[in-house]
Amino acid sequence: MTSIQDTLVQVQLRLQLVHGHRITHKDLAKMAGASERAVAEWMRGATAPMAMTALLNLLARLAPKDAEEVLRRWRQEAHAEALTGNSVTLETH
């Protein structure tokens, strides 16, 4: 099974490609709505939030198009929350 650490590294690499520059733990923390320390711990495999593991396990059970739809809706809601100032969970450029 792929670890949370491996998955986060893949996400970080893909974000770097999308944004065209290095994505730091500080950047990931801001995007995730988490502390920089928490992200650093996740990235080195020291901790893995149970909710994150559970969510990834559930998404992995979906067909790719269904997982994409779930993530698309999450992105829309996070963007709307960021615009209204209720919560910053996703940063888009």
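With a 1.4 Å probe and all protein chains left in place, how much accessible area per residue does segment 1-91 have, in Å²? Please report the intermediate quantities before stating the final value.
On the way: 6810 Å² over 91 residues.
For segment 1-91, the solvent-accessible area averages 75 Å² per residue.
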- Task: Quick one: give the max-minus-min coordinate of the C-alpha atoms of segment 20-92 along each principal axis, largest first, in Å.
- Result: 32, 31, 27
- Message: Using the crude model of +1 on Lys and Arg Cβ and -1 on Asp and Glu Cβ, and no other charge, please compute the dipole size for the chain relative to its Cα centre, in debye to 20.
- Response: 140
- Query: Toward the positive end of the charge dipole of the chain, about the Cα centre and with charges on Cβ (Lys, Arg +1; Asp, Glu -1), which of GLY85, ALA46, ALA32 goes farthest?
  - Reply: ALA46
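In percent, what relative contact order does the chain have, based on Cα pairs under 8 Å that are 6 or more apart in sequence? Walk me through the intermediate numbers first.
Values: 66 pairs, mean separation 25.2, N = 93.
The value is 27 percent.
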- Quick one: which residues, 5+ away or cross-chain, put their amide H under 5 Å from the amide H of THR47? H built at 1.01 Å from N. TRP42
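The values are calculated or read from the model by the stated rules, or taken from the named source; none is laboratory data. Note that this is a predicted model, so its numbers are computed, not measured. Because the Cβ atoms are built from the backbone with ideal geometry, glycine has one as well, and the counts that use them run over all protein chains shown. Calculation scope for accessible area: heavy atoms of the full protein, side chains included, ligands and nucleic acids excluded. Shrake-Rupley method; radii C 1.70, N 1.55, O 1.52, S 1.80 Å.
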